[in-house]
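Q: Please find one structure pasted underneath; my questions will follow.
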Amino acid sequence: MKIALMDSGIGLLPATAAVRRLRPDADLVVSLDPDGMPWGPRTHEDLTARAVAVAEAAAAHHPDALIVGCNTATVHALPALRARLEPDVPVIGTVPAIKPAAAGGGPVAIWATTATTGSAYQQVLIKEFADGVEVTEVPCPGLAAAVEQADEAAIDRAVLAAAQLTPPDVRAVVLGCTHYELVAERIRAAVRGSRPEPLDLYGSADAVACQALRRVGLSARPDAAPTGSLTVLLSGREGALPEAALAYAEGRLLAAVRTAS
């Protein structure tokens, strides 16, 4: 079994680590685009072209499924990726976990990039999955870039700024960018502050990993022998995980996986 994941940068780490935990016997292919990142500022057409190229580099390794480990790439490129790769390779997109967050009632905050906050895409998700629930959209300028670079000071500044925009009575926070899951506990601490009430965080990594396994007809086996390998593609070239990945537990988990021969 081989599962591929793609993103412009290390935002794919949470989903990759989730797959590794669920199926330590699965071979992993992670396809990044350091030559073209960040994807966010690109036009729809340009971003789609970059995403298709990164996906095709992963598909050349014959995975059983491909996870798009990026919200932005899912919004812009998922139809093109599915048209190019399916039915041979099932393609699983990443959608912010608004539905489970809203299921328990509000108030709910959605942390997302400035491009996604207020977008028609996010508005459709809110209307479909959180109708009648009090939802606050919180822009997080610079947070994804700070996480990508493992810039501790910049992460702290961006998290604090977003926390100050988050209503004090929120029950749950949706992490609407896959990068944010890498600093989830820092987000929880900043939003919760000194109040005694619990705060739930909702990311997408675990759900996406489970969906990928379902698409290939497999169940979770976290107790399987850790025989799976890791292949890293950097704009199509085989390489190693970016150094910044090692700043996070998910990156260190993957760094311990044997390199595919």
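Q: Would you mind stating whether residue 224 is assigned to a loop (DSSP other than H, G, I, E, B) and in contact with an Asp or Glu (Cβ under 7 Å, 6 or more places away or on another chain)?
A: For residue 224, the condition - assigned to a loop (DSSP other than H, G, I, E, B) and in contact with an Asp or Glu (Cβ under 7 Å, 6 or more places away or on another chain) - is met.
Q: Please enumerate the residues belonging to segment 149-173 that are over 23 Å from residue 251 (Cβ atoms) and either touching a Pro at 6+ places or on another chain (Cβ under 8 Å) or not in a loop (DSSP other than H, G, I, E, B) (or both).
A: 160, 161, 163, 164, 165, 167, 169, 170, 171, 172
Q: Follow-up. Assuming residue 78 fulfils every condition listed in (1) more than 20 Å from residue 172 (Cα to Cα); (2) open to solvent by 60 Å² or more (accessible area, probe 1.4 Å); (3) within 17 Å of the chain's Cα centre (by Cα); (4) not polar (S, T, N, Q) apart from one, which condition is it?
A: Here residue 78 meets the rest and fails (2).
Q: I'd like the residue in segment 227-247 that is polar (S, T, N, Q) and assigned to a loop (DSSP other than H, G, I, E, B) and, out of all such residues, is surrounded by the fewest Cβ atoms within 10 Å (Cβ to Cβ).
A: Taking the candidates together, the pick is 227.
Q: Across segment 24-63, which residue is nearest to residue 223 (Cα to Cα) among those that are free of Cβ contacts under 8 Å to residues at least 40 places away in the same chain and small (Gly, Ala, Ser)?
A: 60
Q: What is the residue count in segment 248-261 for residues that are in a helix (DSSP H, G or I) and either of a type in the set (Asp, Glu) or surrounded by fewer than 19 Cβ atoms within 10 Å (Cβ to Cβ) (or both)?
A: Looking only at that region, the number is 5.
Q: What helices (runs of 4 or more DSSP H) completely inside segment 65-148 contain at least 3 residues that are within 21 Å of residue 50 (Cβ to Cβ) and touching a Phe, Trp or Tyr at 6+ places or on another chain (Cβ under 9 Å)?
A: Here the list reads 71-85.
Q: Pick out the one residue from 68, 89, 30 that is in contact with a Leu (Cβ under 7 Å, 6 or more places away or on another chain) and either open to solvent by 40 Å² or more (accessible area, probe 1.4 Å) or under 24 Å from residue 125 (Cβ atoms) (or both).
A: Going through 68, 89, 30 in turn, just one is in contact with a Leu (Cβ under 7 Å, 6 or more places away or on another chain) and either open to solvent by 40 Å² or more (accessible area, probe 1.4 Å) or under 24 Å from residue 125 (Cβ atoms) (or both): 68.
The values are calculated or read from the model by the stated rules, or taken from the named source; none is laboratory data. Remember, predicted model here, so these are calculated numbers, not experimental data. As a convention, Cβ positions derive from the backbone with ideal geometry for all residues, glycine included, and neighbour counts pool all protein chains shown. Side chains are part of the model used for accessible areas, which takes the heavy atoms of the whole protein and leaves out ligands, DNA and RNA. Shrake-Rupley method; radii C 1.70, N 1.55, O 1.52, S 1.80 Å.
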